[in-house]
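Have a look at the structure below, then the notes.
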Amino acid sequence: MPKILHLGFGNFHRAHQAWYTQQSNQFESDPWSIIGVSMVRSDIRDSLQAVGFSYPLAIIGTEGEETKSMTVHENVLVASEDPEAVIEAIADPCVKIVTLTITEKGYHQSPDGGLDLLSDAVIRDLDGKGPMTAIGLLARGLATRCAKSAPLTVISCDNLPENGRRLRKTIDDFSRQAELVLNHQFLSFPNTMVDRITPATTEETKAFVAERGHTSQFPVIAERFSEWVIEDNFAAERPQWEKAGVTIAKNVAPFELRKLRMLNAAHSLLAYGGLIRGHDYVHQAISDPYLKDIVTGLWDEAAETLPKESRVSADAYQRDLLERFAQPAMKHELRQIASDGTLKMQVRILSTLQERQKRGRSVKFCTSAFASWLAFWISGKDAPDPKRLALMETVASSNNEEEVQKRILGDVEGGHALDPLALRDAVSEWLDLSFFTKKTKF
Ligand code: CS2
């Protein structure tokens, strides 16, 4: 049985890559199975082990809903407990593909796109004094794997532009530091675009699936819409994913940029603007006419920056997004999306801003998304973020809103070659109007 190993056994993986693999297994004479790797938590492995690693997936769409039993996983490993087992599995020639959902921060990237050698987690991993990072685990597994001359495809499924290329760069940097030898003749890192809205599991999720006859501590809810575009660059065998609706493409960039700059950018704007205005869920924020107008403005601005291939369908894409965001049964929490903004802002918003500034085009609405994030912190709200403490200190350091803006802007602008004065002016337009502060409309 050919295998896939997946690093980051979260809801998104269980609703997306797992779902595509289970669907395409209907067409395989030798079906694929997945070994999930939970980076830290062992409770999910303990709970799912008792039921053969199966779990219910509730799929919700405007045309109704269904709950599927997912049975494609054969095992779950816990990296924090036994990293060597993960390294061994990556090196096992039965594993043909490694997929990853480790979130933006899992890549430990520096602003120049390489591995951040100043990151504590990376330093501890390299010194052997802390838990291995996902990048460290993968680099060690790949070195052992290459020594066996057995080819392997490594697919990043995180929301980052050119995620395959970035992953390869961080793996190469880590390997160099750790003196691991990789042979790229046996490896490939295709770029991908992944999409399926998948909220975190709550007590309500458990009740929702229980009402439909499924008992599980770890059920998943996802929207019916799902998309996966993978660059046609495989080093080894792969499932017939295209039979389950996956697009295997020569160039992923048009899809990836459209998704990041339209879907994810709007999500971030709705998260910060929505939380400030007292909403909890995406469907509430998008039905707030005030926010909806700003989101539409953002989409128009982002669409203009897209490559021709995806620009032509941007209007239809916007209409679909409005429908997808508006589904109340998804209960997609804004808090979930608000996390890790320092990393998300750069790839979702600042890249559009930069493109538009270069072309001398208005940046009013894409700036609003950035301003909403600044205002979120300035107004004393809180979310998990790698720079959370630094942001909170900056906010506490001065009562002068403009001064605080200036410092935060300085922190995240790095590497984007934005015109800082123009950006500051554009942001001030939103914050001066007190758009996003507690004082006014929000
Ligand atoms: C969201 C994404 O949490 C977030 O930041 O924007 O997880 C989004 O739901 C997915 O990318 C949809 O495919």
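Where a number appears in this text, it was derived from the coordinates with a stated rule and is not lab data. What you are looking at is a predicted structure, and each value in this text was computed from that prediction instead of being measured. Cβ coordinates were reconstructed from backbone atoms using ideal geometry, including for glycine residues, and neighbour counts include every protein chain displayed.
Some points to look at:
- With all projection directions averaged, the alpha carbon convex hull of the stretch 1-145 covers 10.6 nm².
- Kirkwood hydrodynamic radius of the stretch 118-158, from inverse mean 1/r over distinct Cα pairs, in Å: 11.5
- Summarising the overall dimensions of the stretch 3-250 from its C-alpha atoms, the Rg and Dmax are 17.7, 54 angstrom.
- Rg and Dmax, both from the Cα atoms of the stretch 254-433 and both in Å, are 15.4, 47.
- For the chain, the 222 nm mean residue ellipticity estimated from helices alone, with every DSSP H stretch of n ≥ 4 adding -39500 (n - 2.57) and the total spread over all residues, rounds to -13000 deg cm²/dmol.
- Potential extension, residue 323-residue 309 segment - 0.36 nm per residue separation minus Cα distance: 2.8 nm
- Label-point separation, residue 217 to residue 65 (7 Å along Cα→Cβ), nm: 2.3
- Selection of GluC sites (Glu not before Pro), the stretch 1-74, meeting DSSP coil and at most 15 other Cβ within 10 Å: 28, 63
- Each of 99, 342 was scored by other Cβ atoms within 10 Å of its Cβ. Arranged with the fewest first, they read 342, 99.
- For residue 26 and residue 50, the FRET efficiency from 1/(1 + (r/R0)^6), where r spans their Cβ atoms and R0 equals 30 Å, is about 0.70.
- For the pair residue 296 and residue 316, the difference between a 0.36 nm per residue extended length and the Cα-Cα distance amounts to 5.9 nm.
- Considering only 345, 392, 70, the mean-square fluctuation computed in a Gaussian network model of the chain, springs between alpha carbons under 10 angstrom, is largest for 392.
- Largest to smallest principal axis extent of the C-alpha atoms in the stretch 126-283, angstrom: 51, 41, 37
- Relative contact order (%) - the stretch 18-173, alpha-carbon pairs under 8 angstrom, separation at least six: 22
- Computed from Cα atoms, the angle from the helix 364-378 axis to the main principal axis of the chain rounds to 90 degrees.
- Stretch gain in nm, segment residue 242-residue 422, where the contour uses 0.36 nm per residue and the Cα spacing is subtracted: 60.3 nm
- Cross-link pairs exceeding 31 Å between alpha carbons, from the set 105/358; 129/381; 129/169; 148/169; 96/169: 129/381.
- Counting all C-alpha pairs of the stretch 64-193, share separated by more than 20 Å (%): 45
- Counting only alpha carbon atoms, the long axis of helix 420-432 and the longest principal axis of the chain meet at about 70°.
- Rh by Kirkwood over Cα pairs, then Stokes-Einstein D for the stretch 205-323 at 1.002 mPa s and 20 °C, µm²/s: 127
- nm² value of the averaged projected area, convex hull over the Cα atoms of the stretch 155-240: 8.5
- Applying both filters, DSSP loop and at most 12 other Cβ atoms within 10 Å, to the trypsin sites (Lys or Arg not before Pro) of the stretch 349-407 gives 359.
- Here the convex hull built on the C-alpha positions of the chain has a volume of 141 cubic angstrom per residue.
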